[in-house]
Amino acid sequence: MEMSLLLVLGVGFVLGIKHALEPDHVIAVSTIASQSKKIWKSSLAGVFWGIGHTLTLLVFGIVLILLKDEIPEAWAMSLEFLVGIMLVYLGMTTIFSWKKAHKHGQSERSTYLKSMFIGVVHGLAGSAAMVLLTMSTIDFAWQGALYIIIFGVGTCLGMLLFTTILSIPFVTSASSKKVNHALIRMTGVVSTVFGIYYMYNLGVNEQLFSIWFG
């Protein structure tokens, strides 16, 4: 494998780690970490986020690279808007999560599936930028697939590390319901407020509403 391609893949790995730490990603996954009672479960949820994110990027990315096409700006912004809706939903469900009672096994499965779904949505929203980045760095479709996979591995690692750290306050406060519930509700509020801001910025400042409604 040529040294230049190895360098590009190395950069992709580092960018993947950095990508995992973007505010909307961190806030979304924090709503998952807030529900964890054990650190390793929160870490695993972060990995599932990365898997969902990578699979979406890989599928959409390769299709677009093969077609040598780009996602229209209106579609790309609309997918980004979907992230805002998801953040508000995650925030609201997190705020009221303490009222819900789940069976242990069902809770674990639903947590991992939920985390993967969040990753899928983020992957859809980031597919436009990823395709542009990939097309500017590779010459063949197989290189593009390899680049996205390496990027995804970096993203999984970044999210694994961050969700591990993020879960510590929730796990250590589990013995005090008052403190634990306060932290969980605060996480939900942050996600809700950021989601509203995210949608406002896209709709008004980036003029997505003008595109939608003419």
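The values are calculated or read from the model by the stated rules, or taken from the named source; none is laboratory data. Source: prediction; values computed, not measured. Quick reminder, even Gly has a Cβ in these numbers, built from the backbone with ideal geometry, and neighbours come from all protein chains shown.
A few comments on the model shown:
- The stretch 191-207 residues that are basic (K, R), paired with ones that are crowded, with 18+ Cβ neighbours inside 10 Å (beta carbon under 6 Å, 6 or more apart): none
- For the stretch 31-51, the set of residues classified as small (G, A, S) and surrounded by 22 or more Cβ atoms within 10 Å (Cβ to Cβ) consists of A33, S34, S36, S42, A45, G46, G50, listed by residue number.
- Boolean, G119 is more than 19 Å from L7 (Cβ to Cβ) and modelled with pLDDT under 85: no
- Annotation: of all residues in the stretch 181-195 being of a type in the set (V, I, T) and surrounded by fewer than 19 Cβ atoms within 10 Å (Cβ to Cβ), the one that is nearest to E22 (Cα to Cα) is V190.
Here's the yes/no breakdown for (1) at pLDDT 90 or above; (2) part of a helix (DSSP H, G or I); (3) on the phi > 0 side of the Ramachandran plot:
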position	(1), (2), (3)
G10	no, yes, no
F13	yes, yes, no
K37	no, no, no
T54	yes, yes, no
L58	no, yes, no
I71	no, no, no
A74	no, yes, no
L79	yes, yes, no
V83	yes, yes, no
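- Just one of the listed residues (S43, S78, S36) is under 18 Å from S191 (Cα atoms) and among the polar types (S, T, N, Q), namely S36.
- Cβ-Cβ under 9 Å pairs, at least 6 apart or on other chains, the stretch 31-42 side under 16 Å from L157 (Cα atoms), far side of a type in the set (D, E) and modelled with pLDDT under 85: K41/E108
- Unmet requirement for V26, which otherwise passes all of (1) under 14 Å from V121 (Cβ atoms); (2) surrounded by fewer than 20 Cβ atoms within 10 Å (Cβ to Cβ); (3) not acidic (D, E): (1)
- Qualifying residue in the stretch 172-180 (condition: surrounded by 15 or more Cβ atoms within 10 Å (Cβ to Cβ) and within 16 Å of A33 (Cα to Cα)): yes
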